[in-house]
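Chemist: Handing you this structure, nothing more for now.
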Amino acid sequence: MALKTLVATAVLGCAMFLSGGMPVQAESRHQRQEEQVVRVASVAPEELKQAVAQSSAMQTRRGRIWCVPFAREVSGINIQGNAKTWWQKATNLYPKGQRPVVGAVLNFRATRGMPMGHVAVVSRIVSERRILVDHANWHRNKVSLDMAVVDVSPANDWSRVRVETLPNTPGSVYPTYGFIYKVAANG
């Protein structure tokens with residue numbers, strides 16, 4: 001099956017499976033279709049850190065750094081527009097789900113304090129409900145590396161998270177859409 005068809009089928013509402021065999025529920029307004037398998041890319045930590053280093057250099061060359069170009073550069077997920085629009089724009093382009101994978105983008109919903117939303121790249125999975133992310137502009141005009149994010153959603157679906165701005169100090173609760181994944185090259 002062609003990669004484009006496989007991704008479109010997965011996003012249209014069938015069950016998706018990550019490369020480690022973790023099931024991910026695809027978002028859908030349609031009836032369930034036959035089950036398909038989509039392999040999403042999990043990035044090696046060394047490759048991710050290299051991409052982060054190259055993206056961090058953007059800050060010194062251009063002055064201001066934003067979360068969207070940083071996440072796009074580091075993750076390889078090429079979506080344009082404000083972070084709050086990424087979830088919808090990923091439809092039919094990238095698989096989406098509720099499980100973290102290294103290299104995936106965690107997409108935050110817009111809030112009063114973050115009217116344009118936010119995106120962060122998963123750098124490490126610590127446990128079922130704790131990950132580390134690399135992202136830009138959480139602290140104004142800075143790149144933050146390996147910042148802890150904790151799932152506090154009642155359903156353990158990463159729809160509500162706390163970002164530990166200071167170590168072992170959970171911040172406010174932020175709503176998220178979930179994770180946007182890059183499809184594996186051998187998809």
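Chemist: Mind counting the residues in region 130-187 that are out of contact with any strand residue (DSSP E or B) (no Cβ under 6 Å at 6 or more places or on another chain) and farther than 22 Å from SER75 by Cα?
Modeler: Going through region 130-187 one residue at a time, the tally reaches 8.
Chemist: Here's another thing I want to ask about it. Go through (1) open to solvent by 10 Å² or more (accessible area, probe 1.4 Å); (2) over 17 Å from GLY178 (Cβ atoms) one by one and return the number of the condition PHE70 breaks.
Modeler: All conditions are met except number (1).
Chemist: Out of VAL161, VAL121, VAL126, I need the residue that is closer than 15 Å to LYS182 by Cα and in a strand (DSSP E or B). Which one? Give the steps one after another, and end with the answer.
Modeler: Working: VAL161 fails: closer than 15 Å to LYS182 by Cα; VAL126 fails: closer than 15 Å to LYS182 by Cα.
Among VAL161, VAL121, VAL126, only VAL121 is closer than 15 Å to LYS182 by Cα and in a strand (DSSP E or B).
Chemist: Another question about this same structure. Checking LEU145 against (1) on the phi > 0 side of the Ramachandran plot; (2) in a strand (DSSP E or B); (3) at pLDDT below 95, which single condition isn't satisfied?
Modeler: (1)
Chemist: Please determine whether any residue of region 155-174 is under 19 Å from TRP66 (Cα atoms), among the basic types (Lys, Arg) and without any contact (Cβ under 8 Å) to a residue 24 or more places away in the chain.
Modeler: Filtering region 155-174 for residues under 19 Å from TRP66 (Cα atoms) gives 163, 165, 174.
Okay, now just the ones that are also among the basic types (Lys, Arg), so none.
No, that holds for no residue.
Chemist: Next question. Among the residues of region 84-95, write down those that are under 14 Å from PHE108 (Cα atoms), surrounded by fewer than 24 Cβ atoms within 10 Å (Cβ to Cβ) and hydrophobic (A, V, I, L, M, F, W, C).
Modeler: Correct list: TRP87, ALA90.
Chemist: Looking at region 128-157, which of its residues are open to solvent by 50 Å² or more (accessible area, probe 1.4 Å) and farther than 10 Å from PRO100 by Cβ? Step through it out loud before you land on a result.
Modeler: As a first pass, look at region 128-157 and keep what is open to solvent by 50 Å² or more (accessible area, probe 1.4 Å): 128-130, 139-140, 142, 145-146, 152, 154-155.
HIS139, ARG140, LYS142, LEU145, ASP146, VAL152, PRO154, ALA155, listed by residue number.
Chemist: While we're on this one: Would you be able to tell me the number of residues in region 93-105 that are outside any loop (DSSP other than H, G, I, E, B) and either free of Cβ contacts under 8 Å to residues at least 60 places away in the same chain or in contact with a Phe, Trp or Tyr (Cβ under 6 Å, 6 or more places away or on another chain) (or both)?
Modeler: Our first condition is that a residue be outside any loop (DSSP other than H, G, I, E, B); within region 93-105, this holds for 96-97, 105.
Retained after the next criterion (residues that are either free of Cβ contacts under 8 Å to residues at least 60 places away in the same chain or in contact with a Phe, Trp or Tyr (Cβ under 6 Å, 6 or more places away or on another chain) (or both)): 97.
Number satisfying all stated conditions: 1.
The values are calculated or read from the model by the stated rules, or taken from the named source; none is laboratory data. Remember, predicted model here, so these are calculated numbers, not experimental data. Every residue, glycine among them, receives a Cβ derived from its backbone with ideal geometry; neighbour counts consider all protein chains shown. Note: accessible area is taken over every heavy atom of the protein model, side chains too, but ligands, DNA and RNA are not part of it. Shrake-Rupley method; radii C 1.70, N 1.55, O 1.52, S 1.80 Å.
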